[in-house]
Amino acid sequence: MKKTRVIQICFGMLFLSLLLSCNAKKFIPEEELLYTGATVEITAEDENAPIKELEKELEPVLGPEPNTKFLGMRPGLYFHYKAQKENPGFINKWLNKKFGEEPVYASDIELQRVEDVIANRLENSGYFYSDVASQMNEFEKKKIASAFYQVNLADPYLMANDYYEIEAEDSLLIYQEIKNLPPSTFITPKMRFNLAAFKAERERIDAELKSVGYYNFNPELLIFEADTNQYNNKKFDLFLRLKKDVPEEAIVPYKIKEVNVYPYYVIESDTVARDTVRLENKNFIQNDNFFKPKRLEPYILIDEGEFYNPEASRNTSRRLSSIGAYKFVNIRYDEIDSLATDSISYLEANIFLSPLPRRAIRAELQAVTKSNDFMGPNLALTYSNRNFFHGGEVFNLGAQFGYEWQSGSGRSLSSIHLGAKADLIFPRIIFPIRINTDTELFKYSIPKTKMSLGLDYLSRTELFRMHSVTALYGYTWRSNRYITHDFSPVSVSYINLGRVTSDFTEILEDNPYLENSFRQQFIGGILYSFTYNGMIDTEDKHQFFLNSNLDVAGNTLSLFSKKSENGEPGKVFDLEYAQYAKLDVDLRYHFNMGNDQVIATRLFAGYGMPYGNSEVMPFTKQYFSGGPYSVRAFHIRALGPGSYNPEESGGAYFDQAGNIRLEANVEYRFPLVAFLKGAVFADAGNVWYSSDVVYLPGGEFDSDFITELGIGIGVGVRLDIQGFVLRLDLAAPMHTPWLDKGERWNFNFGSPVLNLGIGYPF
């Protein structure tokens, strides 16, 4: 304990000395003052003036940004100055390259230029003739200076008419189209002059016109004019018109004359096939039958005879990309001049599809180290065919071999895992009743059908051998860019606990609850998963993620089960089946602070309820806690249930699971050097059983569950290279639930847990 305290004091003194040494004040030239930023103060006679909104709007123009400050110091500036020495040395050069910042002096600030920009921004918001003044506040002793801007806000110009008027110079059809558009949400009655709103309205009109065929139109062809001549009380009338000399092709709509699809277009050689198949008013041009036209046609929403619509192009491109067989999707429109008239013109739509390599083989060799002290090699082989039946079907065939042994144990424990899995994914709905996907509901994407079959063999020496077969039939559908649905009406697994050793038999005999969880070998049910992923908008300040899973098993099987007369569980195909319902929710929130700094949080809650044919949840469906993606201060499955202490029962590895799980995590992520990022975090969680289990004392969930949370804190580093993240976390327990109540807050930093993971934990 004394040794740990000495180390902490030494690190604290070293950190403090580094901070004190980073004082850049002594390097500032005699004639300069360091610029520390600017503030703006707005005053107005109108008490309803949006002062806070305007101050926030003006913040970006008050630049430049001052040098970064950390705990009262400016390390980036300090590293810059140190590198300017005559012989700076390698360390100082490296620190300057990675963290250094050019100094920002008060003499660099052009107050008058900033004043002009402020006045311009206010005019764009309707506050013409506002007074703007500035001054530089200098503090010679501290060698710093800051800018101050004072704004006396004038009364704004307000729109007199309820809506803008369209100045039609002639009887062009496009003027009628604009008049027939839905009402604007940007232009409102009596609104303040707002240049940003006028620009947004032009872009809205442009988007609406393009959706009805105006292929060559753009928002720059429109002009908003404000007329104040009729008023002397800061009011204006708003008018909209086309610019003069607008090109003829910009004000006529375009129709699609032909749709040409090239299912096998090789970009490198720019080759185009010439064999054509006509289907559903589309030309499919390919020399070989690489992709069956009848399978490709439902993905294309561009139709002959329809007006040009960019949304149809975007949806078509996204749907074709989602098939998984194509590397690039390029849609090009060519104007057909010979068919143009005064009132309408025509386009030829060409869809070029560049395929991915059809077949691929991947081999992956891993050295696996687990938190339960098992380690060993793992080999995985996968064969993929991305166009199996020439309809975009993806066939994956994988095999896996793993050997692990447990280090540091008193016994020679080892594990052999053999697995094989086949997946067949159809980029369409396979269902007994035909479902039309050419509807508004499936505009964003077409659901996929997945069939899967897996075989596994697990042999754990001195314990057991287990065989399992799993089969799944289901659908995946992205209803929009954020929401994904996964529905598997058929999910079946069969687990056969084969040869068991006397040691494992003794474990089961000592714990009938665990024995029951292994006994029900047949699981058949329905799975549904809902995912909302707002984190794809990586630049958003507030990012949300929600995943909810529902797993219901045994209800359909109960209709066909053979009832026993002595109260024993029912059977199907002479196999005892499981019956349960399981629901869990994973909610995440990220606060994006900018500059690669994120505060990430997560809440997880899950509950499984056995009923009917089951007294307990199958062991493979129970929850566990601890490990690199859970409460990182505890090993995998080494936490819970509740306050249960595994050491008092011989440390049986299989006991520490439950049918209830609660967890909360918070993590602050920040950049270090180049691809290396750091984190500090805190985790809390545990698992419980919903009823009292005699063989697992303390494992029942009750009103005292808060005092049974395992809590830990830690630090970590992440190697983040273009989305691939290798993560190393070091965590220590703060609150250990299996200790006596007065001793659970033990802050056990002497026994940290090292976690290695791929990807971020949440």
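The values are calculated or read from the model by the stated rules, or taken from the named source; none is laboratory data. These figures come from a predicted structure and were not determined experimentally. Cβ atoms come from the backbone with ideal geometry, glycine included; neighbour counts cover every protein chain shown. These accessible areas exclude ligands, DNA and RNA; they are computed on the full protein's heavy atoms, side chains included. Shrake-Rupley method; radii C 1.70, N 1.55, O 1.52, S 1.80 Å.
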Report task. Output the residue which, of all residues in region 192-244 that are hydroxyl-bearing (Ser, Thr, Tyr) and closer than 23 Å to Lys255 by Cα, is surrounded by the fewest Cβ atoms within 10 Å (Cβ to Cβ). Result -> Ser211
Query raised in the report: Of all residues in region 667-699, how many are open to solvent by 20 Å² or more (accessible area, probe 1.4 Å), in contact (Cβ under 8 Å) with a residue 60 or more places away in the chain and outside any loop (DSSP other than H, G, I, E, B)?
Result: 6
Query raised in the report: What strands (runs of 3 or more DSSP E) completely inside region 196-312 contain at least 2 residues that are within 30 Å of Leu54 (Cβ to Cβ) and over 36 Å from the mean Cα position of the chain (by Cα)?
Result: 222-227, 235-242
Requested in this report: Filter region 25-63 for residues that are part of a strand (DSSP E or B) and not hydrophobic (A, V, I, L, M, F, W, C) and give the result.
Outcome: Tyr35, Thr36, Gly37, Thr39, Glu41, Thr43
Query - Residue that is nearest to the chain's Cα centre (by Cα) [pool: residues in region 727-762 that are open to solvent by 70 Å² or more (accessible area, probe 1.4 Å) and of a type in the set (A, V, I, L, M, F, W, C)] - result: Ile758
Report task. Could you tell me whether region 176-194 includes any residue that is without any contact (Cβ under 8 Å) to a residue 40 or more places away in the chain and among the aromatic types (Phe, Trp, Tyr)? Result -> yes
Report summary line: Reported set for region 468-504 where residues are closer than 18 Å to Glu576 by Cα, open to solvent by 40 Å² or more (accessible area, probe 1.4 Å) and not aliphatic (A, V, I, L, M) is Thr470, Tyr494, Asn496
Query raised in the report: Considering only region 101-147, how many residues are surrounded by 13 or more Cβ atoms within 10 Å (Cβ to Cβ), part of a loop (DSSP other than H, G, I, E, B) and either under 43 Å from the mean Cα position of the chain (by Cα) or polar (S, T, N, Q) (or both)?
Result: 8
Requested in this report: Starting from region 482-499, keep only residues that are among the polar types (S, T, N, Q), then list their pairs with residues that are modelled with pLDDT under 90 and not in a strand (DSSP E or B) whose Cβ atoms are within a distance under 9 Å, requiring at least 6 positions of separation or different chains.
Outcome: Ser493/Gln521; Ser493/Pro618; Ser493/Thr620; Asn496/Gln521
Query raised in the report: Any residue at all in region 583-595 that is outside any strand (DSSP E or B), charged (D, E, K, R) and surrounded by fewer than 18 Cβ atoms within 10 Å (Cβ to Cβ)?
Result: no
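Just give me the residues in region 644-667 being modelled with pLDDT under 90 and in contact with a helix residue (DSSP H, G or I) (Cβ under 9 Å, 6 or more places away or on another chain), in sequence order. Explain how you work it out, then say what you get.
Of all residues in region 644-667, those modelled with pLDDT under 90 come to 644-657.
Scanning region 644-667 gives Tyr644, Pro646, Ser649, Gly650, Ala652, Tyr653, Phe654, Asp655, Gln656, Ala657.
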